[in-house]
């Protein structure tokens, strides 16, 4: 039996993580709300038609206690989707991203950025990616591209090509039917694990 790939959705407070979970699940499985914190614990959702499970996480903000709380419960994650909203990632959030993607065994796990609300966030996303790279985090991009979605209309009819294209990229990445399994995300995670095993071997030679 194939083990499901655990994909944690992380990002700042109110950047659309739970809404994206609901959109991809095609069901209201995660509580959402505007202008208030709604996710307080990590919850897991098996994504229909794929071999991935989504981990919905609390959002980062400017409180260290809250950010530590957002990190808790993601030890089992194989990879991360980083939601980037309408403001650039702050240095403190980048610090926590740097912390959260390191596995309990000390290796950096794959990080894939997602732009939420393409129209107002494309420049902000570029600034955020530059900040991540400056901190030694190298997100997986598709060429120099990344999925661009509007979480609130993901999976629905949209008049904006950038949104529908982003939805398709995300569906392909996560292996949602009718895409074949294993999903691209599973292959990325398997590749990362193989590299980690090689590094461990080299370190013991």
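The simple Förster model, with R0 at 22 Å and r as the Cβ-Cβ distance, assigns residue 127 and residue 103 a FRET efficiency of 0.20. Full extension of the segment from residue 87 to residue 199, taken as 0.36 nm per residue of separation minus the current Cα-Cα distance, would add 36.7 nm.
Every number here is computed from the coordinates shown, using simple stated rules; none is lab data. The structure displayed is predicted, hence computed values, not measured ones. Reconstructed Cβ throughout: ideal geometry from the backbone, glycine too, with neighbour counts over all protein chains shown.
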